[in-house]
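The values are calculated or read from the model by the stated rules, or taken from the named source; none is laboratory data. All of these numbers come straight from a predicted model, not from anything done at the bench. Cβ sites come from the backbone with ideal geometry, for glycine too, and all protein chains shown count toward neighbours.
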Amino acid sequence: MVLAIFRYRTTDGLVLVLPESADLLVSWAHIDETVLDLKGGTLRVRFTADYASRQGWLRGARTLVGTWTDRLVMGSGPVAPA
């Protein structure tokens, strides 16, 4: 079940999209850990216990784990100059 989609990071925090909703900025103060595995294509975000307990959209979860999806499939060959 999709709870959120990672959009991007800012100096203020992470911007997530809640399905059928608007963008949500989660302040870095509410995030304990983030892990992005580019080789494996996974992303994990762990929220502070206090924040997670107050957010209904998290449905009781404290950690979200997802698959990183690429917008473009790139080959491993050399890149031609522009």
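Can you find, within segment 49-78, the residue that is nearest to LEU36 (Cα to Cα) among those that are modelled with pLDDT of 70 or more and assigned to a loop (DSSP other than H, G, I, E, B)?
Our first condition is that a residue be modelled with pLDDT of 70 or more; within segment 49-78, this holds for 49-70.
Right, trim to assigned to a loop (DSSP other than H, G, I, E, B) and you get 55, 59-62, 68-70.
Details: GLN55: 23, ARG59: 23, GLY60: 22, ALA61: 19, ARG62: 17, TRP68: 8, THR69: 12, ASP70: 13 Å.
Applying the filter and picking the extreme gives TRP68.
Going through segment 6-28 one residue at a time, which ones are loosely packed, with under 14 Cβ neighbours inside 10 Å and under 8 Å from the mean Cα position of the chain (by Cα)?
ARG7, TYR8 - these are the residues of segment 6-28 that are loosely packed, with under 14 Cβ neighbours inside 10 Å and under 8 Å from the mean Cα position of the chain (by Cα).
What is the residue count in segment 12-37 for residues that are at positive phi and outside any strand (DSSP E or B)?
1
Taking segment 1-36 as the region of interest, how many residues are in contact with a Leu (Cβ under 8 Å, 6 or more places away or on another chain), acidic (Asp, Glu) and free of Cβ contacts under 8 Å to residues at least 12 places away in the same chain?
0
When the residues of segment 29-48 are filtered to those that are closer than 16 Å to TYR8 by Cα, exposed (fewer than 14 other Cβ atoms within 10 Å of the Cβ) and of a type in the set (A, V, I, L, M), which remaining residue is modelled with the highest pLDDT?
Checking each candidate, the answer is VAL35.
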